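Accompanying notes for the structure given below.
The values are calculated or read from the model by the stated rules, or taken from the named source; none is laboratory data. This one's a predicted model, so the numbers in the text were calculated from it and none came from an experiment. Note: ideal-geometry Cβ built from the backbone for every residue, glycine included; neighbour counts use all protein chains shown. Side chains are part of the model used for accessible areas, which takes the heavy atoms of the whole protein and leaves out ligands, DNA and RNA. Shrake-Rupley method; radii C 1.70, N 1.55, O 1.52, S 1.80 Å.
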Amino acid sequence: MSNRYQTLITALLLAIISIWAYFYQFETTGLLDRFDFHYPVIWQEPWRLVTSHFMHLSQPHVLANAIALVFITWLFVRFFSVRTYLNALLVITVTTSVLVWLSGFEERFVGLSAVNHGMLAMGLLLEWFDREQPRSGYLVIAAAAILVLKLVFELLGWWQNTLVATTDKVWLLHSAGTLSGILAWWLHQRRLAKLAS
């Protein structure tokens, strides 16, 4: 089986796990409270750096994020093996949580949307700097501009996320995810450069 199919299957499995976790939290008391991002205990319970991204608050929330994860993976799948894909997800989840913690964000959060922003940013950079199969640069520029505008609109309160109403600082979460995606892209490129040398 090719790397592309393996990576797509991995993304699909992660999406299914997120959906399963959403429904399972109704059968297990306090599951969300044990795995969400919770500022005071994040370093005593470091699994929250990752698990908070795979928990969700509502059915539309989890379905939209799961579909977005698979779709973004499909768009940029040619750049990944399963290992590099999981590495990217780990870098994005942990870095996003650390950036959010460093910002002093004391609310609780869950959801894959920050990870999706990071994967999109990483994918756009991979596409932009691809030397083997360059695609239309205008499409990458347009998508990057839309991503930046969305973050600015969220910051200004002009873009309301109807799926998650727990915080008015969703721009902070999505911006942290985007910055984490840039870091994941840089680390991904460093790995490729090392293999080439």
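Below are the figures for this structure:
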quantity	calculated
Solvent-accessible heavy-atom area per residue, rounded to whole Å², over the chain at 1.4 Å	55 Å²
Cβ-placed point charges (K, R +1; D, E -1), dipole of region 14-145 about Cα centre in debye, nearest 20	320 debye
Charge tally in the Cβ shell below 12 Å around ASP33, where Lys, Arg are +1 and Asp, Glu are -1, ASP33 excluded	+1
222 nm mean residue ellipticity, helices alone, for the chain (DSSP H n ≥ 4; -39,500 (n - 2.57); rounded to 500)	-22500 deg cm²/dmol
Residues whose placed amide H lies under 5 Å from that of PHE109, excluding near-sequence neighbours	PHE37
Relative packing of 117-123, 81-87, 56-62, which averages over residues the other C-beta atoms within 10 Å, highest first	117-123, 56-62, 81-87
Alpha-carbon spread of region 1-107, three principal axes, descending order, Å	43, 31, 19
Kirkwood estimate for the chain, i.e. one over the average of 1/r between Cα atoms, Å	17.2 Å
